[in-house]
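The values are calculated or read from the model by the stated rules, or taken from the named source; none is laboratory data. Note that the structure is a prediction, hence the values are computed from the model and not measured. Please note: Cβ atoms are built from the backbone with ideal geometry, for glycine as well, and neighbour counts cover all protein chains shown. Please note that ligands, DNA and RNA were not included when accessible areas were found on the heavy atoms of the full protein model with its side chains. Shrake-Rupley method; radii C 1.70, N 1.55, O 1.52, S 1.80 Å.
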2 protein chains.
Amino acid sequence: MEQLKELKNILGQISDLNGTLGLLSWDQETYMPEKGAESRARQMATLAKISHETSTSEKLGNLLSDLNDHEASLEEGSADAAMIRVARRDYGKLTRLPLDFVERQTLARNRAHHAWIRARKESNFSLFQDHLQEMFDLAREYAELMGYEEHPYNAALDDYEQGAKVSEVRETFANLRKDTLPLLRAVIDAGDATDYSILNRPLAAEKQKEFAMRVARDLGLSPEFSRLDTTAHPFQTNFSINDIRITTRYDETYWPTALYGVWHETGHGLYEHGVNPELERTNLARGTSLGIHESQSRMVENMICRSRAFWQHHHADFKAFAPEVVGEASAEDLYRAVNRVQPSLIRVEADELTYNFHIMLRFELELAVFEGSLAIKDLPEAWNQKMQDDLGITPPNDAMGVLQDIHWSAGLIGYFPTYSLGNLYACQLWNAAAKDLGDMDSLIAQGEASRIMGWMRENVHQYGKIYSPRELIQKATGAPLSAEHYVQYLNTKYKDVYRL
Amino acid sequence: MEQLKELKNILGQISDLNGTLGLLSWDQETYMPEKGAESRARQMATLAKISHETSTSEKLGNLLSDLNDHEASLEEGSADAAMIRVARRDYGKLTRLPLDFVERQTLARNRAHHAWIRARKESNFSLFQDHLQEMFDLAREYAELMGYEEHPYNAALDDYEQGAKVSEVRETFANLRKDTLPLLRAVIDAGDATDYSILNRPLAAEKQKEFAMRVARDLGLSPEFSRLDTTAHPFQTNFSINDIRITTRYDETYWPTALYGVWHETGHGLYEHGVNPELERTNLARGTSLGIHESQSRMVENMICRSRAFWQHHHADFKAFAPEVVGEASAEDLYRAVNRVQPSLIRVEADELTYNFHIMLRFELELAVFEGSLAIKDLPEAWNQKMQDDLGITPPNDAMGVLQDIHWSAGLIGYFPTYSLGNLYACQLWNAAAKDLGDMDSLIAQGEASRIMGWMRENVHQYGKIYSPRELIQKATGAPLSAEHYVQYLNTKYKDVYRL
């Protein structure tokens, strides 16, 4: 099959270019000397241009047409069929964008990003307002170019969570709110006399790193195929299945930042590493969606590493390693400390229970602006009102409110919902795994949490992009996505933590 | 001038691709997890292929033809004229190689490299012999494809030192041998009762790094545009004028390895950083030849950092920083210790005076094999005989003799002479600088060695590849290359060090 071979060649080349772009970007955040920035931006632009040209070439288009018949002959769910289908989808999306649109979008995003940096610094929303309007206008224009079913916002969602629908997200989030807001109220009303000073006991960055990586290794992230570096904003990236890079930042007087940050990125890294090596250099060798990705990171961070069983297993270890932190605190003390619930202004610092309210707020406001029912100029007030309604606090300024996230300034509209979808996927997958593995807490308490990630590898990671997120969740759990698993998890856990 | 603009676009793209290839390679040596190697090799192959296709495209060929008339109208020595000339030269060389040859060469080099690793490990030349023959056969074939004047080896030399001729190198090396072998003999005969234990006093890698970089910064290598990392084999690379990477290795019981290693690479780094920023993203934004490059690294390493004046300036500093090393040693003690002359087997560990004999040996043997007057099978014996003749020692095995360098296994034939040419260039440039700057030792002793590198920037670095090495040395020193400056330097210095 000459054409299939040729398609694999082209996809391999695109994969190499994109892996290389990943390295250019990683190096920029980790080790590049400051003055290298200008040339680096040019190098990235050149690589991106070549990747884009290769991804939209007539040659690729013709190949995909020629492969129509062959595709029909392939078994559904086979890697080759998925490869052709995903290639067709990506090619369709990219070629639907006129060059003029791409250029306008690139320029507008660049302007918006710089305006946002200044606006946030000066805490002055009016400096960002017109640029944000342009981002939403472009998102609507994008939706028209792409085409959509039911609602134009579905085109925005589809880039991050293939097949997600605004109607379903709305309903899911409504259920989530209905079933967890009373819990949050109860937790707040119960008051909290716990002593949290253990979280602020000093621990040197080097020691934080060592302990974080020891746990990450136990979970399966081996230094043979991964490494940890330091950046201002933590992230996970990878240049191939066996070259996983995670980063974190260190706060020497608040060790959970680095430890839970590393464990979060470990989840992302295990997903990318767990893809079947036979898919390497194809368009399938990545996680299938942002939501499924987030399910793996938040599963490791919260469901494993913030569990009571985790600290039962690691308490002695951590105490021996960092007696200056643990002191006389018990496993139970550690467990309760890292699960503190406290309404706060900044999403990335939010606890597990309040986190989704930050996301739902963004989704609802984003959709309202996108639909035209909320004017950009009214966004800060709407933001503050929702914060007050859900979490009972009001940002003192826009920098700590509507201006806090980078996403909108980068045109990432349709992205936020995936964070909460990730939590939902995580619990649904967890419950499915428990049917095979038995008592998950016992596993974790016995230091066998890696078996949970092994189940994820078998049922989620290995497939890469062979299945869409909808197909994958159905296949792995036997049911479509539902909020009930997550609602139940939160209720059980936080009623226990807060002894309600 | 539309065509000139288009040429600059293409050269900019090639420059971005090559800078990116540099990063892929740097990361491979520094931070890449072990298992990333296979995908990394594919990424590099893809980038190299795209760079090669762009560099040999018909479009570029046509542009260069179209620019014939324009080129004739440009001022000689102008950057645009040089850019077109160098582009024409590179294009000519690359397009003279049939695809079949490039493929055979790539495969043979790969085989030879692996055979060499095994042969060196087992110290068994016969495992490498046939592969080495193939490397020389390919080098001869390459010369025929490229064309040459006078001698086919000139085609090999030209890739590393444009315009170098075997007849001239032969004569230069003959003079060098004639005028420094008696000096070496005298040094050896004089005996040496110096206590060198200071060189082996333990110094932690972190401290070695700090002191090495402090000196490098004083010389002009700022962390704003450079960084130092650790690798098994030290090197300098850069991805743009403002993104210089150097590496070193640490021996905690022999501090000169890292310190002088860093200072050597600092010279390379300053050259690449000193190129006129207006040449960035053209084909001129690199050092003009390996020989000129080596002149800058060896000037910093030997002429500055192994000078008496250097230790006069840095003695107190180093003593305060590393009292455990310096102890009661004087500046003079340090000076004499780091200039120890001792015939040894391994080129990369050789001192300044014996170093050139290692190079001349390689050049003479390489040329003899290339010309067919020496059979590959007789190479080990010829090597050992020459070592005995010049340095009075015989390698106990081939791993420490003919198999020690990577160069031949990588097909780098014509490369070795540039190391010694670098020493010659260095002294000739130094003497020219002294005419402008006055007493160089006083400058160094006063901590103003950076003014010497400033002169190099003005007279060497800034031009990048605008001038060929021959043109550059004529322009900067008013004379063609001559061994006399270097011979005089070695005689003056080592008669002084050894009090002859």
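Between copies, B:Asp251 shows label-point distances of 4.7 nm, shortest first, with the point placed 7 angstrom from Cα along Cα to C-beta.
Taking 18 Å as the cut-off for C-alpha to C-alpha distance, list the pairs among B:Lys8/B:Lys59; B:Lys435/B:Lys495; B:Lys5/B:Lys49; B:Lys165/B:Lys435; A:Lys209/A:Lys319 that go past it.
Among B:Lys8/B:Lys59; B:Lys435/B:Lys495; B:Lys5/B:Lys49; B:Lys165/B:Lys435; A:Lys209/A:Lys319, the Cα-Cα distance tops 18 Å for B:Lys435/B:Lys495; B:Lys5/B:Lys49; B:Lys165/B:Lys435.
If you bin all the Cα-Cα distances of segment A:286-439 at 10 Å, starting from zero, the percentages per bin are 10, 31, 29, 21, 8, 1. Taking every residue in B:21-33 and counting other chain Cβ atoms within 10 Å of its Cβ, the average works out to 4. Accessible surface of segment B:1-95, 1.4 Å probe: 47 percent of it comes from carbon and sulfur atoms.
Each chain gives up part of its surface: A and B jointly bury about 3000 Å² of accessible area, both sides summed, for a 1.4 Å probe. Computed with the Debye formula from one identical point scatterer per Cα of segment B:361-500, without solvent, the log10 of I(q)/I(0) at q = 0.08, 0.19 Å⁻¹ comes to -0.34, -1.12. Cβ-Cβ distance of A:Thr30 and B:Ser482, R₀ of 45 Å, FRET efficiency by 1/(1 + (r/R0)^6): the value works out to about 0.45. Inter-label distance, B:Thr95 to A:Thr253: 6.7 nm, where each label sits 7 Å from its Cα along the C-beta direction.
If you look at the Cα atoms of segment A:334-380, you get an Rg and a Dmax of 14.3, 47 Å.
Each of A:Asp389 and B:Val102 was given a label point 7 Å from its Cα along the Cα-to-Cβ line. The distance between the two points is 6.3 nm.
Backbone phi angles across segment A:213-229, fed through the Karplus curve with coefficients 6.51, -1.76 and 1.60 (θ = phi - 60°), yield HN-Hα couplings of 6, 4, 5, 4, 5, 4, 7, x, 8, 7, x, 4, 10, 8, 8, 10, 10 Hz in residue order; Gly and Pro are listed as x. What is the distance in Å between the Cα centroid of segment B:352-397 and that of segment B:437-500? Here the two parts' Cα centres lie 29 Å apart. Averaged per residue, the protein assembly as shown has 41 square angstrom of accessible surface, using a 1.4 angstrom probe with ligands and nucleic acids left out. Solvent-accessible area of segment A:235-299 (1.4 angstrom probe, protein heavy atoms only): carbon and sulfur portion equals 45 percent. Percent of Cα pairs in chain A per distance bin of 10 Å, from zero to the largest separation: 4, 17, 29, 29, 16, 5, 1.
Comparing the full protein assembly with the isolated chain, the residues of segment B:236-257 losing at least 20 square angstrom of accessible surface (1.4 Å probe) are B:Phe239, B:Ser240, B:Asn242, B:Asp243, B:Arg245.
Placing a label point 7 Å from the Cα of A:Leu145 along the Cα-to-Cβ direction, the distances to the matching points in the other copies come to 4.3 nm, shortest first.
In order along segment A:452-467, the phi-based Karplus estimate (6.51 cos²θ - 1.76 cosθ + 1.60, θ = phi - 60°) of 3J(HN,Hα) comes to 5, 5, x, 5, 5, 4, 5, 9, 10, 4, 4, 7, x, 9, 4, 10 Hz; Gly and Pro are listed as x.
Accessible surface comparison of A:Ser482, A:Ser409, probe 1.4 Å, protein chains only, largest first: the order is A:Ser482, A:Ser409. Taking other residues whose beta carbon is less than 11 angstrom from the beta carbon of B:Leu74, and scoring Lys, Arg as +1 and Asp, Glu as -1, yields -4. Only helical runs count toward this figure. For chain B, summing -39,500 (n - 2.57) over DSSP H runs of n ≥ 4 and dividing by all residues gives -21000 deg cm²/dmol at 222 nm. With a Cα-only, solvent-free Debye model of segment B:173-241, what are the log10 I(q)/I(0) values at q = 0.15, 0.16 Å⁻¹? So the normalised log intensities are -0.85, -0.87. Taking every Cα-Cα distance in segment A:52-148 and sorting them into 10 Å bins starting at zero, the pair-distance distribution P(r) comes out as 14, 31, 24, 18, 10, 3 percent.
Across all Cα atoms of the protein assembly as shown, the radius of gyration (one decimal) and Dmax (whole number) stand at 32.5, 95 Å.
Distant-in-sequence amide contacts of A:Ser226, defined by a placed amide H-H separation under 5 Å and a gap of 5 or more residues or a different chain, comprise A:Ile244. Values of log10 I(q)/I(0) for segment B:249-331 across q = 0.11, 0.17, 0.19, 0.27 Å⁻¹ run -0.41, -0.78, -0.88, -1.27, by the Debye formula with one identical scatterer at each alpha carbon and no solvent.
The alpha carbons of segment B:1-95 stretch over 54, 25, 22 Å along the principal axes, in descending order. For the residues of A:224-231, the average number of beta carbons from a partner chain within 10 Å of their own beta carbon is 2.
Kindly give the semi-axes, whole Å and largest first, of the ellipsoid equivalent to segment B:31-81, taking each as the square root of 5 times a Cα gyration tensor eigenvalue.
Working: eigenvalues 300, 43, 3 Å².
Working from the Cα gyration tensor, I get semi-axes of 39, 15, 4 Å.
Per-residue extension of 0.36 nm, minus the Cα-Cα distance of A:Arg214 and A:Glu349, leaves a gain of 46.2 nm for this segment. Spin-label model, A:Glu144 to B:Asp130: label points 7 Å out along the Cα-to-beta-carbon direction sit 7.0 nm apart.
Between B:Ser442 and B:Glu168, the FRET efficiency from the beta-carbon distance, with R0 = 30 Å, is close to 0.30.
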